[in-house]
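Q: Please see the structure below; I have some questions.
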């Protein structure tokens with residue numbers, strides 16, 4: 001059974017989410033009210049997935065994610081977000097967070113996001129990403145200096161759909177190692193640190209569009 005930590009400073013929210021996720025077949029093995037408490041839990045056991053808020057007292061989700069990912073690089077984190085948290089998204093992504101779900105999302109979306117991340121993919125709420133990109137577009141321009149090949153664009157678009165390297169290899173009838181090479185080239189050319197950052201890059205530069 002897939003194990004979870006739930007981290008949120010509102011007790012009623014984390015307990016309600018724990019109950020809902022348990023009904024979806026997950027096993028909640030730890031809950032925390034802030035990032036500091038999460039790190040203490042991680043010193044005792046590592047769950048399959050951490051579902052964590054950003055804005056919390058003592059230690060917020062950004063700092064906790066950064067410290068946790070440095071110490072446990074294979075840890076998977078799904079962030080619970082509010083529209084007011086846009087300024088933290090890049091920090092969370094650079095720390096290694098695999099996805100974002102709005103707090104007003106239904107339990108089915110949370111389950112789907114968790115499943116995608118556990119399978120090696122990523123997940124972004126479309127509504128949330130529109131808000132982030134609108135905010136980014138007011139401050140930045142697209143980067144015309146980066147030239148991607150047709151195959152690199154093809155791989156990037158599949159990454160943006162949340163596909164793992166294995167699924168992309170199957171989709172394009174290429175080897176897993178070839179896809180890993182394309183992914184490494186994309187990260188190098190764009191200056192991104194991971195797949196979620198590539199998703200933001202692709203949307204910001206209008207390589208893909210949110211419907």
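Q: For volume of the Cα convex hull per residue in Å³, one of [x] 145; [y] 153; [z] 123 was computed from the structure I shared and the rest are decoys. Which label?
A: Structure-derived value, by its label: [z].
Q: Of the residues 187, 102, 198, which exhibits the maximal mean-square fluctuation in a Gaussian network model of the chain defined by a 10 Å Cα contact cut-off?
A: Answer for the Gaussian network model of the chain: 187.
Q: Next question, about the same structure. Cα axis of helix 86-95 to longest principal axis of the chain: angle in degrees, 0 to 90, nearest 10?
A: With rounding to tens, the tilt is 80 degrees.
Q: A further question on this structure: With label points built 7 Å along Cα→Cβ from the Cα atoms of residue 59 and residue 1, find their separation and express it in nm.
A: Label-label distance for residue 59 and residue 1, simple model: 2.8 nm.
Q: Right, here's the next one. Hey, what angle do you get for helix 126-137 against the long axis of the chain, alpha-carbon based, 0 to 90 degrees rounded to 10?
A: Rounded to the nearest ten degrees, it is 60.
Q: Now for a separate question. Which of 46, 12, 67 moves most in a GNM of the chain, Cα contacts under 10 Å?
A: It is 12.
Q: Return the whole-Å distance between the Cα centroid of segment 149-211 and the Cα centroid of segment 1-69.
A: 29
Q: Between the helical axis of 150-160 and the dominant principal axis of the chain, each derived from Cα atoms, what acute angle in degrees is found, rounded to the nearest 10?
A: Roughly 10 degrees between the two axes.
Q: For residue 43 and residue 161 in one chain, what is 0.36 nm times their gap in residues minus the Cα-Cα distance, to one decimal in nm?
A: That pair, residue 43 and residue 161, stretches by 39.1 nm at full extension.
All of the numbers you see were taken from the coordinates with simple rules; none came from a lab. In this text the structure is predicted, and so the values were computed from the model without any measurement. Glycine also receives a Cβ, built like all others from the backbone with ideal geometry; neighbour counts cover every protein chain displayed.
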